[in-house]
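Written below as structure tokens is the structure these notes are about.
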Amino acid sequence: MAAALFLLACTYSLNGFRPWWTPITLTDANTGAAMRQLVYAGSAGLCLMLVWLHGSLWAMIREQLPIVFVAGWLLLTAAYSDAPSLTIKRSILFICGACLLLGVVTLSARPLHRASLLLAIASGLAASVSLVWWAVFPPEITTNPGRPGLAGISNHPNTLAPALAIGLVMAIALEAHGRLSSIARLTAIVSCGLALVLTASVTSIMTAAIMLGTYVALMASAYWRAVGVLVALGTVFAAVLLGPSQIAADALSGVGRDTSLSGRDELWGLIFDQIKQAPFFGHGWGAFWTEGKGRELVATWNPRQSHNAYMDLVLDLGIVGGGLVLFALLRPVAGLWSIIGTRSSPDRRLAAAGLSIAVGLLSVYALQQSFLGKVDSYAFAALLLIAAAASRTGTTMLPPDRASDPDASARSTQTEPT
């Protein structure tokens, strides 16, 4: 049931329940609010009921305390928000999405495996269905008229692409058992890879490259990791000699971008001025980007975000709140390193994939797209799910001195949800 609710939320975040016969249209309107509230509030309520019936509600709160604290902090920012009603509404949306994601991992005896499997399934289905739509239906169904590239089941390539990058890494990391699962895994890998290329989303393709490179480095032997470090240092040294600005200009030109990043540098300058007005606590969660705010700022176009996750996070929550959000996410994700170092762990590959996805999203994707804290964004839902699964895995893992004690293992297993 919890897994089905998660897949339902993923369908909304990627597709918005757009029927297959409906062409993609360009609009600035903030549509689908009622459906979003129904999906997330309903899913959270059902998931919490399952957790409560299982007797794991307080265990979930205790294991995920940093994320619970962040949810409370977002709601409290309504006390000084520029738009209190908007802050309350978006805080409740975050709370509902977090309850769903935390519940999914709490109800699993192997939370990291459950999180990885669900992400691979959701992304694989999105990729496969998008490719079928692209092959069968006319272009107006699968291509956004304002942005070339495969949008598939989504309204925009940049909505679909990060899900494909995440699914590609997760599908590679999952081990197949049996012929049917091997075929499903291979299908997900091929579909995600092909669909990602067809989206022509430079940011997501670069993110996928970082994810895959990090995954290979984490799974490699110590010798090959040392070789990789030497190659990276040599690349950095060569870049310094050649001149970083020239390299950046040539690289951006090669992918059809200029050094202004399609006007983002001007927008970022304006946003930085807004951040300086409330640097410590921000303008309130979700309170800055009100309807028409973007056009008021830049006049020539109507941005609905900063196109930089860190800027938007500090814009809403300030340095203090932004730091809390990043701590709540990074602390459990960093704990995956201990699992990667344990070669006997059945979750080692999955831990490496989860850490790689976090590295890619936070190092590349976050610099171009605002997604942190937005539970209706597939990228953030995946990151929060990985963090929650890592937190629960770290809590339920036996310490090294008890790992060889069968009685301790049995006692620990009895307390885990099944």
Index of the failed condition, P23 passing every other in (1) surrounded by fewer than 16 Cβ atoms within 10 Å (Cβ to Cβ); (2) at pLDDT below 95; (3) part of a helix (DSSP H, G or I); (4) touching a helix residue (DSSP H, G or I) at 6+ places or on another chain (Cβ under 8 Å): (3)
Qualifying position, being over 18 Å from the mean Cα position of the chain (by Cα), modelled with pLDDT under 65 and either surrounded by 13 or more Cβ atoms within 10 Å (Cβ to Cβ) or in a helix (DSSP H, G or I) (or both), among I247, I189: I247
Odd one out for N302 among (1) part of a helix (DSSP H, G or I); (2) farther than 22 Å from S204 by Cβ: (1)
Cβ pairs under 6 Å, 6+ apart, first in region 33-56 and more than 19 Å from S13 (Cα to Cα), second at pLDDT 90 or above: L48/C99; V51/L57; V51/M60; V51/G103; V51/T106; S56/T106
Out of L355, L324, L317, sole residue that is within 16 Å of the chain's Cα centre (by Cα), over 13 Å from H113 (Cβ atoms) and in contact (Cβ under 8 Å) with a residue 12 or more places away in the chain: L355
Test: I205 is within 28 Å of A352 (Cα to Cα), of a type in the set (A, V, I, L, M) and modelled with pLDDT under 95: yes
Answer residue from region 335-383, given it is under 14 Å from H307 (Cα atoms), of a type in the set (A, V, I, L, M) and in a loop (DSSP other than H, G, I, E, B) and is modelled with the lowest pLDDT among those: V364
Residue within region 8-17 that is in a loop (DSSP other than H, G, I, E, B) and without any contact (Cβ under 8 Å) to a residue 40 or more places away in the chain present: yes
Pairs with Cβ under 9 Å, 6+ apart, first in region 170-189 and on the phi < 0 side of the Ramachandran plot and in contact (Cβ under 8 Å) with a residue 40 or more places away in the chain, second among the aromatic types (F, W, Y) and buried (at least 20 other Cβ atoms within 10 Å of the Cβ): I172/Y215; A173/Y215
Residue among A200, A217 that is surrounded by fewer than 20 Cβ atoms within 10 Å (Cβ to Cβ), of a type outside the set (D, E) and free of Cβ contacts under 8 Å to residues at least 40 places away in the same chain: A217
Condition check for I166: under 16 Å from the mean Cα position of the chain (by Cα), assigned to a helix (DSSP H, G or I) and closer than 18 Å to Y365 by Cα: yes
Candidates G228, G256, G213, filtered to the one that is among the small types (G, A, S), at pLDDT below 65 and assigned to a helix (DSSP H, G or I): G228
Total residues in region 108-132, condition among the hydroxyl-bearing types (S, T, Y), in a helix (DSSP H, G or I) and over 17 Å from the mean Cα position of the chain (by Cα): 2
Filtered residue count, region 266-299, keeping only those that are over 23 Å from A78 (Cα atoms) and outside any helix (DSSP H, G or I): 1
Count of region 141-163 residues which are part of a helix (DSSP H, G or I), more than 16 Å from L131 (Cβ to Cβ) and in contact with a strand residue (DSSP E or B) (Cβ under 6 Å, 6 or more places away or on another chain): 0
Subset tally (residues that are part of a helix (DSSP H, G or I) and either of a type in the set (A, V, I, L, M, F, W, C) or crowded, with 23+ Cβ neighbours inside 10 Å (or both)) for region 305-321: 11
Any hit, region 169-186, residues being crowded, with 24+ Cβ neighbours inside 10 Å and either β-branched (V, I, T) or out of contact with any Gly (no Cβ under 9 Å at 6 or more places or on another chain) (or both): yes
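The values are calculated or read from the model by the stated rules, or taken from the named source; none is laboratory data. Here the structure is a predicted model, which means the values were calculated and not measured. Positions of Cβ are generated from backbone atoms using ideal geometry, with glycine treated the same way; all protein chains shown enter the neighbour counts.
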